[in-house]
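To start, the structure itself, in structure tokens.
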Amino acid sequence: MVKRFKSLEGRQLIYESYNRLLNLWEVSIDEIDLDTMYGKTHIILSGNKEKPPLLLFHGSGDNSAIMWFLNAKELAKHFYIVAVDSFGGAGKSEPNESYLKTFDPTLWLDNLLDSMNIHVTNIAGISYGGYMTLAYTAKRPDRVNKAVCMAGYPPVKGIKSFLIMIRSLKVFFPEILNPTDENAMKLLKKLCSPNFNESLLDNEMLKHWSYILKYSRVEKNKTSAAFDEQDMFLFRDKALFLIGEFDRAVYQPAVIKILKDYNLNYKIVKDTGHTINHERPELINREIIDFLAT
């Protein structure tokens, strides 16, 4: 059995808060559950089904409700939003034992898209969701129109990518080891730009963030394989990388060197950190819409 929460009470708090966050999307939504070989996948749908689809992936450990509440209203004007609660996070998807043993994210996404009769889609993701976006684009380029990777990068083979990952993980310590309300706020401040006023964030979002850290377990079965030259060629044509200038987890010289060496399309977004789409939602929405519409 995959234990995603530390207690039934904690799960209840997260789910109730999840539902309240959906009210902040300020757009009509549908929630559906799709059965897959790896368990039940929960998806939030919004926008006109006749518009181009946009698959959305949240970061590691969180969920779609908190990730996209500042972006969904605007994005749904231009796309058919398919926001996925990835396995291993604090969303409503329920992985089974096969997830921990044989999870193949490419087959999982093939299954989801086929179930929804979506043949070609745009994809956008943030942090580990950005990696998922790139991984599916590399494996199934014929099914991806364009991709936006926020607060993420394409790892390449070698020690440099390993060092980047270690530096990225350091940002989350020591607060993540003692997930109190106080440490949840400390970690959030580390992830944001020093110029960002956290008081502008919605109280429900802050409460949900604290609940996730205190009550959820990150059940990981991550495939973080490096990308090769052919993959980078695909990304050059299909992908946009958005990185905050104060993103301590990603904005590193080694990351920028990868992006430059492979001539990838990237932008450094001023006055943002790792929580890039929450700090400047209007700008990020516009970047996504303009790139995918080109």
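The values are calculated or read from the model by the stated rules, or taken from the named source; none is laboratory data. As the structure is a computational prediction, the values presented were derived from the model and not from experiment. Here Cβ is always computed from backbone atoms with ideal geometry, including for glycine, and neighbour counts include all displayed protein chains. To get the accessible areas, we keep the full protein, side chains included, count just its heavy atoms, and leave off ligands, DNA and RNA. Shrake-Rupley method; radii C 1.70, N 1.55, O 1.52, S 1.80 Å.
General observations
- A Förster distance of 22 Å, applied to the separation of the beta-carbon atoms of ASN96 and ARG11, puts the FRET efficiency at 0.80.
- Other-chain or far-sequence residues with amide H under 5 Å of VAL269's (modelled H): ILE243, GLY244, GLU245
- Relative protection proxy for 255-262, 276-283, 162-169, from highest mean packing down: 276-283, 255-262, 162-169 (other beta-carbon atoms within 10 angstrom).
- Net lengthening on full extension, ARG167/ILE256 (0.36 nm per residue, minus Cα-Cα): 30.6 nm
- Extension gain (nm, one decimal) between ARG20 and ASN178, 0.36 nm per residue minus Cα-Cα: 54.3 nm
- Annotation: extensible slack from ASP33 through PHE233 equals 68.5 nm (criterion: 0.36 nm per residue apart, minus Cα-Cα distance).
- Cα-Cα separations in the chain greater than 35 Å, expressed as whole percent: 10
- Of the peptides 91-100, 64-73, the order by per-residue mean of other Cβ atoms within 10 Å, starting with the highest, comes out as 64-73, 91-100.
- Counted over the range 1-99, the DSSP beta bridges are approximately 75% antiparallel.
- In terms of accessible area, using a 1.4 Å probe and ignoring ligands and nucleic acids, MET150, MET185, MET37, MET116 rank largest first as MET37, MET185, MET116, MET150.
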